[in-house]
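J.: I'd like to ask some things about the structure below.
The values are calculated or read from the model by the stated rules, or taken from the named source; none is laboratory data. Remember, predicted model here, so these are calculated numbers, not experimental data. Every residue, glycine as well, gets a Cβ built from its backbone with ideal geometry; the counts of neighbours run over all protein chains shown. In case anyone asks, the SASA skips ligands and DNA or RNA and just uses the protein heavy atoms, side chains included. Shrake-Rupley method; radii C 1.70, N 1.55, O 1.52, S 1.80 Å.
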Amino acid sequence: MAHLYLIAQIAGRAVAIDSDQVESVVDIGEVTAVPRASGHVRGLAALRSRVVTVVDTQSALGLDAGGQAKRAVITRVEGHHYALLVDSLDDVAPFDLLPLAGGISLDAAWRSAGRGIIERDGEPILAIDLASLVPGSTALQ
């Protein structure tokens with residue numbers, strides 16, 4: 001059964017995000033650093049009369065920290081709102097989620113975030129779980 005997925009780019013890689021995890025997509029303005037926060041936390045930002053924690057998704061994946069990404073996917077994890085930075089946003093469309101095949105080679109960070117594969121125009125795209133990128137969430141444990 002097809003389900004809606006948001007296609008985004010993180011670290012130059014196309015990823016699919018289940019629409020159930022997406023509250024909105026936004027442009028992030030000024031981010032205020034938080035002393036002693038996890039290295040994955042870029043800081044806090046004001047968004048529509050609330051404060052969200054801004055997560056550098058590249059850092060959360062164990063990659064070099066992202067540049068100056070200003071687009072973000074807003075999600076809610078364990079009652080808190082997070083803005084997960086993405087390089088760009090592409091499309092929203094229905095896809096069938098397929099299991100990760102044994103022949104697909106992913107490093108540890110991508111593997112822990114991966115939930116399956118969707119196919120768009122014959123190209124496999126990794127479907128990820130946003131909660132797995134949030135520092136301290138039970139999805140990481």
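J.: Among 105, 19, 59, determine the one that fluctuates most according to a GNM of the chain built with springs between C-alpha atoms less than 10 Å apart.
T.: 105
J.: Moving to a separate point now. Please give the length that would be gained between residue 106 and residue 90 if that part of the chain were fully extended, namely 0.36 nm times their separation in residues minus their C-alpha to C-alpha distance (nm, one decimal).
T.: Working: separation 16, 0.36 × 16 = 5.76 nm, distance 2.23 nm.
Gain in length upon complete extension: 3.5 nm.
J.: Here's something else I'd like to know. Just the number, please: percent antiparallel of the DSSP beta bridges in the chain, rounded to the nearest 5.
T.: Numbers: 38 of 44 bridges.
Percent antiparallel among DSSP bridges in the chain is about 85.
J.: Carbon-plus-sulfur fraction of the accessible area of the chain, 1.4 Å probe, in percent? Don't skip to the answer; put the middle values down first.
T.: On the way: 3710 of 7490 Å².
Using a 1.4 Å probe with all protein chains present, the chain comes out at 50 percent carbon and sulfur.
J.: Which residues make up the longest stretch of the chain that has no trypsin sites (Lys or Arg not before Pro) in a DSSP loop with at most 13 other Cβ atoms within 10 Å? Please list the in-between numbers first.
T.: Numbers: sites that count: 36, 48, 70.
It runs 71-141.
J.: While we're here: Taking the chain as a Gaussian network, where each spring joins two C-alpha atoms under 10 Å apart, which residue of 12, 39, 79 fluctuates the most?
T.: Comparing 12, 39, 79 in the GNM, the peak value goes to 79.
J.: Extension gain residue 19-residue 51, at 0.36 nm per residue separation less the Cα-Cα distance, in nm?
T.: On the way: separation 32, 0.36 × 32 = 11.52 nm, distance 2.19 nm.
Length gained between residue 19 and residue 51: 9.3 nm.
J.: What are the ³J(HN,Hα) values, in whole Hz, obtained from phi via the Karplus relation 6.51 cos²θ - 1.76 cosθ + 1.60 with θ = phi - 60°, for each residue of the range 36-52 in sequence order, with x given for Gly and Pro?
T.: Residue by residue, the range 36-52 yields 6, 6, 3, x, 7, 8, 6, x, 10, 9, 7, 9, 6, 6, 9, 9, 10 Hz.
J.: For the chain, what does -39500 (n - 2.57) per DSSP helix run (n ≥ 4), summed and divided by total residues, give at 222 nm, in deg cm²/dmol to the nearest 500? Could you put the intermediate results ahead of the total?
T.: Working: 2 runs with 10 residues, N = 141.
Calculated mean residue ellipticity at 222 nm is -1500 deg cm²/dmol.
J.: While we're on this one: Which value in Å is the Kirkwood Rh of the chain over different Cα pairs?
T.: Details: mean 1/r = 0.0654 Å⁻¹.
When all Cα pairs of the chain are included, the Kirkwood radius is 15.3 Å.
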